[in-house]
Amino acid sequence: LRSVVVISPIAGAPGARACIRYGDRIVSIEGKKLDKPALDDVVVHLRGKPGTKVTLGFYRPETDKEFTVTLVREKIKVDSVRAVHLLPDGIGYVQITQFAERTGDEFINALNKLDDQGMKALVIDLRDNPGGLLDAAVAVAEPFFKKGELIVYTQGRRPEDRDEYRAEAPEPPLAIPVAVLINAGTASAAEIVSGALKDTHRAVIVGERSFGKGSVQTIIDLRNGDGMRLTTARYYTPSGITIHEHGVSPDVEVVMTAAEDQNVRLQNSRDDVSDPAAFKEEFDVDPVPDRQLNAA
């Protein structure tokens, strides 16, 4: 079956509102089956002017069924820091979906909002976060470190090929209990944050071992117009633990089944459907407890 797999619908976007799920496969666009399902070609057909419609055919492996959805295109604003709210007992919750240019500022705003509400502890959800910008990862970790403290460093083959990233903010570090949620989809910049906080005992890590993507790659232009991507360094936690191919192991391991992961992912991306009966009607599954969040 020729298809392109949906990795993760953007929360609040047309795809998420149409109940498209992680792992669904696009098999047709405007009734035409995908012959050569290259991602770039599919994206070209999906894009269009806001307000116009596109009809997509999907195959859902878990039910072994195909279905059709018509989406109305719209401009999408992606907030990398979302679902900011206070849990019982004054525990703040922040989900970070990726590390982009504004993630550091968004995270500080979230901390200030929760602090105004009386936050006594904090859960940072980095599950299924594929990473992003190194500077954004450092900015998110910085509020928990004193000025000048090492957050992460890269090390190349030679001893002098070392770059250090240290906290620069003059404010004292946030002194509250912190738990960080990770899973196998937590990668790259998300592992830098979780690794730094675990390594320096700033946070308890809860969930499953992370992906293990911690390499620095340099693009080298070749004379024929091609390029070569060469690994030139690796990321290390402050105490010198490499992230690459090892990942970050949790302090408290809570392994969820694939079905639980799928269900919790749905619940997190569609927090606008909070009523259990409405969730069951829309997604044909009952909401389940988030055991990893409860443990955190």
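Figures for the structure shown
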item: Test set (1) touching a residue at least 40 places away in the same chain (Cβ under 8 Å); (2) open to solvent by 50 Å² or more (accessible area, probe 1.4 Å); (3) in contact with a strand residue (DSSP E or B) (Cβ under 9 Å, 6 or more places away or on another chain) - Val78 fails condition number; result: (3)
item: Qualifying residues in region 274-294 (those that are over 28 Å from Ile205 (Cβ atoms) and touching a Phe, Trp or Tyr at 6+ places or on another chain (Cβ under 9 Å)) - the one least open to solvent (accessible area, probe 1.4 Å); result: Val285
item: Test: residue in region 21-43 that is open to solvent by less than 80 Å² (accessible area, probe 1.4 Å), in contact with a helix residue (DSSP H, G or I) (Cβ under 7 Å, 6 or more places away or on another chain), part of a strand (DSSP E or B) and modelled with pLDDT of 80 or more; result: yes
item: Residue list for region 213-269, filter: among the acidic types (Asp, Glu) and under 30 Å from Pro289 (Cα atoms); result: Asp251, Glu253, Glu260, Asp261
item: Filter result for Ala190 (of a type in the set (A, V, I, L, M), closer than 25 Å to Glu245 by Cα and part of a helix (DSSP H, G or I)); result: yes
item: Residue within region 51-68 that is at pLDDT 95 or above and small (Gly, Ala, Ser) present; result: no
item: In region 206-246, residue most open to solvent (accessible area, probe 1.4 Å) [restricted to those that are touching a residue at least 60 places away in the same chain (Cβ under 8 Å) and not in a loop (DSSP other than H, G, I, E, B)]; result: Arg234
item: Unique residue being in a loop (DSSP other than H, G, I, E, B), of a type in the set (A, V, I, L, M) and open to solvent by less than 80 Å² (accessible area, probe 1.4 Å) when the list is Ala139, Ala179, Ala169, Ala175; result: Ala169
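The values are calculated or read from the model by the stated rules, or taken from the named source; none is laboratory data. On a predicted model such as this, the values are computed, not experimentally measured, just so you know. Here Cβ is always computed from backbone atoms with ideal geometry, including for glycine, and neighbour counts include all displayed protein chains. The area values use the complete protein model at the heavy-atom level, side chains included, leaving out ligands, DNA and RNA. Shrake-Rupley method; radii C 1.70, N 1.55, O 1.52, S 1.80 Å.
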